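Asker: Sending over a structure as structure tokens; questions will come in a sec.
Read-outs throughout are calculated quantities, based only on the coordinates presented, and are distinct from any laboratory measurement. All figures in this text were calculated on a predicted structure; none of them were measured in a lab. All Cβ positions, glycine included, derive from the backbone under ideal geometry; neighbour counts span all protein chains shown.
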Amino acid sequence: MTYSVKEIYFTLQGEGAQTGRPAVFLRFAGCNLWSGREQDRWRAVCRFCDTQFVGTDGPGGGKFETAGELADAVHSLWPNSQSTVRPYVVCTGGEPLLQLDTAAIDALHELDFEVGVETNGTLLAPAGLDWICVSPKAGAAVVQRRGNELKLVYPQTEPEAQPEHFAGMAFEHHFLQPLDDANSERNLRQTIDYCLREPRWRLSLQTHKMIGID
Ligand code: SF4
């Protein structure tokens with residue numbers, strides 16, 4: 001298959017359980033919950049997206065004809081150090097599970113990468129992933145109900161986006177991440193208060209925004 005990729009870059013993971021970890025970010029183009037065009041935002045299922053995922057014109061982006069070419073492009077960005085730390089790639093988007101398949105996962109594993117995914121949870125993840133982070137969106141049913149990390153933007157008004165709604169799902173870590181909008185200070189306070197009331201949930205901050213990296 002041909003993989004459409006918005007961008008590939010090396011950075012630190014900014015959010016959630018892997019915060020601070022060096023990682024290659026592989027951002028697939030396209031999402032099933034929003035077209036990515038501003039004129040469509042009001043009618044999208046997911047309306048608070050802060051990510052550019054349309055097209056293939058970002059740094060390292062493009063069309064990759066094979067899983068091997070895609071994996072080579074990811075590998076080229078991992079530093080050539082003496083470290084024995086296993087390289088890590090975060091497959092994100094857009095919605096990465098529209099394109100990420102076992103061929104791509106296998107090709108990345110052949111280059112010794114640990115393969116993580118950040119998904120909205122509306123599609124089942126293929127086998128072989130090493131880390132699954134689901135970030136549910138109100139109005140979109142979650143079918144990927146197990147994984148390593150559940151990361152929920154908070155607060156949201158819809159009943160299906162309340163933290164209690166996810167109690168029966170099988171995740172190791174539960175994170176609430178303050179909604180980054182015009183009320184971000186209030187949202188942070190409410191998120192802290194919820195975590196203090198329900199200690200199963202931990203606070204996730206978007207540290208990459210605080211320190212000014214992508
Ligand atoms: S699901 Fe994720 S990538 Fe898609 S529109 Fe929402 S926040 Fe953006």
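Asker: Relative contact order of the chain, please, whole-number percent, based on alpha carbon pairs below 8 angstrom and at least 6 residues apart. Present the calculation step by step, with values, prior to reporting the outcome.
Answerer: Values: 444 pairs, mean separation 39.8, N = 214.
About 19 percent, as a whole number.
Asker: Further question on the same structure: How big is the gap, in Å, between the Cα center of the stretch 107-129 and the Cα center of the stretch 1-67?
Answerer: 15
Asker: Just to be sure I understand: with springs between alpha-carbon atoms less than 10 Å apart, which residue in 64, 113, 25 has the highest mean-square fluctuation in the Gaussian network model of the chain?
Answerer: Looking only at 64, 113, 25, the largest GNM fluctuation is found for 64.
Asker: Taking amide H atoms as placed 1.01 Å from N in the peptide plane, list the residues 5 or more away in sequence, or in a different chain, whose amide H sits under 5 Å from that of residue 32.
Answerer: 95
Asker: Need one number: nm distance between label points at residue 106 and residue 42, each 7 Å from Cα along Cα→Cβ, rounded to one decimal.
Answerer: Computed distance between label sites residue 106 and residue 42 equals 4.8 nm.
Asker: Let me ask another. Within a Cβ distance under 11 Å of residue 5, other residues only, what is the Lys/Arg minus Asp/Glu net charge?
Answerer: Numbers: positive: 6, 27, 63; negative: 7, 57, 69.
Summing Lys and Arg as +1 and Asp and Glu as -1 gives 0.
Asker: Say each of residue 197 and residue 185 gets a label point 7 Å from the Cα, pointing the same way as Cα to Cβ; how far apart are those two points in nm?
Answerer: Here the answer is 2.2 nm between the modelled labels.
Asker: Under the Karplus relation 6.51 cos²θ - 1.76 cosθ + 1.60, θ = phi - 60°, what is the ordered set of whole-Hz ³J(HN,Hα) values for the stretch 182-192, x standing for Gly and Pro?
Answerer: Each residue of the stretch 182-192 in turn: 5, 9, 4, 5, 5, 4, 4, 4, 5, 5, 4 Hz.
Asker: If you don't mind, another one. So, in nm, how far is label residue 52 from label residue 172 when the simple model puts each one 7 Å beyond its Cα toward the Cβ?
Answerer: 3.4
Asker: Given H placed 1.01 Å from N in the peptide plane, which residues other than close sequence neighbours of residue 169 have an amide H under 5 Å from its amide H?
Answerer: none
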